[in-house]
Amino acid sequence: MTSLINMKSLINFQVGEKYKNRKGTFEVLAIDGDLMQIRWKNEEVAATTVTLQSRIIEHIQTEISEKLALIKKAATPTKKGRAAVS
């Protein structure tokens, strides 16, 4: 099965930097091609891929953007001066 993620959209992870996925904040320990080793705050270490972590983070960002758009829409007054209702 081929990856659906566009290679240009991969996050440029850096060793020693911290990022956040659904499990929590993690630090990148090592990167070798698409493989990476990460460590969460609780000291748990895991092997994963740049592709997978990029996809997870992009999905989180999309969900946040969609929620913000709904909040903005709900707060926008209608012609009668009331907030829009979904």
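Brief remarks follow.
- Contacts under 9 angstrom Cβ, first residue in the stretch 21-49 being closer than 15 Å to I11 by Cα, partner in a strand (DSSP E or B) and charged (D, E, K, R), 6 or more apart: F26/K18; F26/K20; F26/R39; E27/K18; E27/R39; V28/K18; V28/R39; I38/E27
- Single match in A69, A83, A75 (criterion: surrounded by fewer than 10 Cβ atoms within 10 Å (Cβ to Cβ), among the aliphatic types (A, V, I, L, M) and modelled with pLDDT under 95): A75
- Pick from the stretch 16-66, criterion hydroxyl-bearing (S, T, Y) and touching a Leu at 6+ places or on another chain (Cβ under 7 Å), ranking: surrounded by the fewest Cβ atoms within 10 Å (Cβ to Cβ): T49
- Selection over the stretch 24-56 of residues that are assigned to a helix (DSSP H, G or I) and of a type outside the set (V, I, T) gives a count of 4.
- Residue list for the stretch 6-53, filter: at pLDDT below 95 and among the hydrophobic types (A, V, I, L, M, F, W, C): M7, L10, I11
The values are calculated or read from the model by the stated rules, or taken from the named source; none is laboratory data. Given the structure is predicted, the values throughout are model-derived calculations rather than measurements. Glycine gets a Cβ as well: all are built from the backbone with ideal geometry, and neighbour counts include every protein chain shown.
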